[in-house]
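As C-alpha cells, the structure follows; a few thoughts come after it.
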Amino acid sequence: MAGLACANYLHRAGRSVLVLEASDAVGGRVRTDLTPDGFRLDRGFQVLLTRYPEVERLIDYGALRLQAFRSGAVIRLPDGQQTTLQNPLQKPTAAFSALASPIGTFSDKLRILSLVRHVRNYTSGQLLSRNSTTGQTTLDFLRHYGWSESMIQNFFRPFFGGVFLDRSLSTAANFFEFVFKQFVEGEAAVPALGMQQIAEQLATRLPAGAVRLHAPVTHLNGTTVRLANGTTVEAAAVVVAVDGEAAARLLPAAGAAPALRWRRTTCTYFAAPALAGRPDKLLRLNASLTGLAHNVAFPSDVAPEYAPAGQRLVSVSTHGEHGLSEADLTARLQQELVAWFGAEAATWRHLRTYDLPHALPEYPAGQPARQSLKLTPHLYRCGDYAAYPSLNAALASGREVADMLLSA
Ligand SMILES: Cc1cc2nc3c(=O)[nH]c(=O)nc-3n(C[C@H](O)[C@H](O)[C@H](O)COP(=O)(O)OP(=O)(O)OC[C@H]3O[C@@H](n4cnc5c(N)ncnc54)[C@H](O)[C@@H]3O)c2cc1C
C-alpha cells in the first residue's frame, strides 16, 4: 500500500513510475483470496476505518462499494455472559448505561465522554505526535485516566487488543488515541469484494505496465535495482516500499533500523448456513483471557459478496502465540464457537486458516510516529514499520516520499 500510494502521487504529478512487486498480486498484507466455491477470504481479519485521513485523501470509497459494520460489539464476558454494546464510542452514555450492561461504572462512562471530547479537539496528526503520551503504553494511559480494571478488562482489552493484535495493551498510547478517534468519528468497513480491492484501485490508476508482478528485488546498488531473474532496472530514484524485515535485507547499510518485532494473528474461516433473520452486523469480542477465539466476525453479514448464496462466512481471529497445529487450533476454536453460538457451530465447515506471524510491526511506547524516510539523495523508504502499524501510516509514508521526490 505504501509503494502504490507513492507511485500514485508521483504519477499524478507527471512522473514516470515502475512498481516491482515480488508477489503474484498487489496488496502486500491487504490481500483477498477467492475460493472455488465463492468465498472471499481476506488474509487476516481487517477493516478500513473510513476516517483515516490518508485513506480519505486517496481512495474512492464509492468505487469500492464500502460496507460498514455496525458501531459496537457483542462482548463475551469471562463468566460466559454476552452483552451488546451499541455505538459505545459514538453514543457512549446510551451504550454503557443500557440497564443490562455489566460493563463499566458510572465514572467509567463519564470518562469515555471526556476522552471522546478530548480526541475531537485534536487532529489525527496531533494525537500521534502528542508528547504527553508518546512514552506511555496504552495500559498505563488507561489506568492513569482512571478507568476501572473491569472496564479495561471487559472493554478496552478485547476491543483495542484486537486492533493492535496485542491484548497486553503495551502498544504506545499515542496510537491508542489516534485509533480511538477513528472509531469515534468514522466507521469500520470492508469493500464489497474484499480488502484487496483497495490496493487494486491504486494499481489500476497507474499506466499499463507500471506494475510488474512476480518481480522480487534481490539487491540495490545506488539507483540500480537487481531482480531475482538477474535483470536490472536503472532509475532516477529508488523507493523501498517493503515490510520491515525485507527492508533490513535490502538496506542493511542504510541505517534503516526497522522494527523487526511483529504482532502475530491467525484467522480461521468457517462456512455456515445463511442467517435466517436480519444480521446485527456486530463484531463479537472475547473478554476472557482463557479462550483462543479473540474475535469473531461474520463478514458476509456486512458485505454479502463475501459468501456464495445460501451461506455465511465466519471469521475467527486469535492473537499472539498459541503453539497449536492448524488441525488442533481448528478443533479448539470450533469447541469455543459451540459455547458462543450453540450446537449448530459444530457443523460449520472449516474453509481455511491464515497464520500471520508478521501481521503488524510492534509499536512500543516511546517510538516516534514517523522515522526518517530519506536515506540518501536518491534512495527512500516507506511502509508502516517506519511509522506506526496501520494502513494510514503506509499511505502517509508513501505520500511523504512522493512529496520529497517532487520537491527535490
Ligand atoms: C491480519 C491483519 C490485520 C490488519 N488490520 C488492520 C486494520 O484493521 N486497520 C489498519 O489500518 N491496518 C491493519 N493492518 C495493517 C495494514 O494492513 C498494514 O499496516 C499495511 O498494509 C502495510 O502496508 P505496507 O505497504 O507498509 O507493507 P506491506 O503490506 O507489507 O507491503 C510490502 C510489499 O512489498 C513486497 N515485497 C517485499 N519484499 C520484496 C522484494 N524483495 N521485492 C519486491 N517486492 C517485495 C511485498 O510482497 C508486499 O507487497 C492489518 C494487517 C494484517 C496482516
Looking at segment 274-285, can you tell me whether even one residue there is more than 16 Å from the ligand (Cβ to nearest atom), in contact (Cβ under 8 Å) with a residue 60 or more places away in the chain and among the acidic types (Asp, Glu)?
yes
Which condition from (1) touching a Lys or Arg at 6+ places or on another chain (Cβ under 8 Å); (2) surrounded by fewer than 21 Cβ atoms within 10 Å (Cβ to Cβ) is the one that Gln136 breaks?
(1)
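Specify which of the listed residues (Ala365, Ala346) is surrounded by 15 or more Cβ atoms within 10 Å (Cβ to Cβ) and of a type in the set (Gly, Ala, Ser).
Working: Ala346 fails: surrounded by 15 or more Cβ atoms within 10 Å (Cβ to Cβ).
Matching residue, one of Ala365, Ala346: Ala365.
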When segment 1-50 is examined, which residues are found to be assigned to a loop (DSSP other than H, G, I, E, B) and acidic (Asp, Glu)?
Glu21, Asp24, Asp37
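Checking the structure you have, find out if any residue of segment 290-308 is at pLDDT below 95 and over 19 Å from the mean Cα position of the chain (by Cα).
The answer is yes; a qualifying residue exists.
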Please count how many residues of segment 230-241 are more than 12 Å from the ligand (Cβ to nearest atom) and in contact (Cβ under 8 Å) with a residue 12 or more places away in the chain.
3
Quick test of your reading of the structure: Arg261 fulfils all but one of (1) closer than 18 Å to Tyr388 by Cβ; (2) within 14 Å of the ligand (Cβ to nearest atom). Name the failing condition by number.
(2)
Given the conditions (1) modelled with pLDDT of 90 or more; (2) surrounded by 16 or more Cβ atoms within 10 Å (Cβ to Cβ); (3) among the polar types (S, T, N, Q), which single one is not true for Gln86?
(1)
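Quick one: count up the residues across segment 194-221 that are more than 30 Å from Tyr61 (Cα to Cα) and either outside the structural domain of Leu391 (by TED's automatic domain parsing) or in contact with a Leu (Cβ under 8 Å, 6 or more places away or on another chain) (or both).
Our first condition is that a residue be more than 30 Å from Tyr61 (Cα to Cα); within segment 194-221, this holds for 216-221.
Okay, now just the ones that are also either outside the structural domain of Leu391 (by TED's automatic domain parsing) or in contact with a Leu (Cβ under 8 Å, 6 or more places away or on another chain) (or both), so 216-220.
Qualifying residue count for the region: 5.
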Criterion: of a type outside the set (A, V, I, L, M, F, W, C) and either within 16 Å of the ligand (Cβ to nearest atom) or not in a helix (DSSP H, G or I) (or both) - qualifying residue of Ser315, Ser300
Ser315
Does Gln90 satisfy being in a loop (DSSP other than H, G, I, E, B) and either among the polar types (S, T, N, Q) or assigned by TED's automatic domain parsing to the domain that holds Phe178 (or both)?
yes
Tell me, please, whether a residue that is charged (D, E, K, R), under 16 Å from the mean Cα position of the chain (by Cα) and either within 15 Å of the ligand (Cβ to nearest atom) or within 30 Å of Thr218 (Cβ to Cβ) (or both) can be found in segment 35-45.
yes
Scanning segment 51-75 for residues that are assigned to a loop (DSSP other than H, G, I, E, B) and over 21 Å from Ala396 (Cα atoms), the one nearest to the chain's Cα centre (by Cα) turns out to be Phe69
Inspect all residues belonging to segment 304-316 and state whether any of them is surrounded by 20 or more Cβ atoms within 10 Å (Cβ to Cβ), closer than 30 Å to Ala276 by Cβ and among the hydroxyl-bearing types (Ser, Thr, Tyr).
yes
Does segment 2-22 hold any residues that are in contact with a Lys or Arg (Cβ under 8 Å, 6 or more places away or on another chain) and within 12 Å of the ligand (Cβ to nearest atom), and which are they?
Ala5, Cys6, Leu18, Val19, Leu20, Glu21
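Residue by residue, here is whether (1) more than 13 Å from the ligand (Cβ to nearest atom); (2) modelled with pLDDT of 95 or more; (3) not hydrophobic (A, V, I, L, M, F, W, C) holds:
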residue: Gln367; (1), (2), (3): yes, no, yes
residue: Ser372; (1), (2), (3): yes, no, yes
residue: Thr376; (1), (2), (3): yes, no, yes
residue: Leu379; (1), (2), (3): yes, yes, no
residue: Ala386; (1), (2), (3): no, no, no
residue: Pro389; (1), (2), (3): no, yes, yes
residue: Ala394; (1), (2), (3): no, yes, no
residue: Arg399; (1), (2), (3): no, yes, yes
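Can you go through Leu128, Leu169, Leu139 and tell me which one is of a type in the set (A, V, I, L, M) and at positive phi? Explain how you work it out, then say what you get.
Values: Leu128 fails: at positive phi; Leu139 fails: at positive phi.
It is Leu169.
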Per the list (1) within 14 Å of the ligand (Cβ to nearest atom); (2) modelled with pLDDT of 95 or more; (3) farther than 28 Å from Leu58 by Cβ, residue check on Thr224 breaks on (1)
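Does Gly80 fit the bill of being more than 11 Å from the ligand (Cβ to nearest atom) and outside the structural domain of Glu245 (by TED's automatic domain parsing)?
Spelling it out, Gly80 is indeed more than 11 Å from the ligand (Cβ to nearest atom) and outside the structural domain of Glu245 (by TED's automatic domain parsing).
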Filter segment 181-221 for residues that are modelled with pLDDT of 95 or more and part of a strand (DSSP E or B) and give the result.
Ala188, Ala189, Val190, Pro191, Val211, Arg212, Val217, Thr218, His219, Leu220
From Gly244, Gly222, which residue is of a type in the set (Gly, Ala, Ser), surrounded by 16 or more Cβ atoms within 10 Å (Cβ to Cβ) and in contact (Cβ under 8 Å) with a residue 60 or more places away in the chain?
Gly244
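The values are calculated or read from the model by the stated rules, or taken from the named source; none is laboratory data. What you are looking at is a predicted structure, and each value in this text was computed from that prediction instead of being measured. Backbone-built Cβ (ideal geometry, glycine too); neighbour counts: all protein chains shown.
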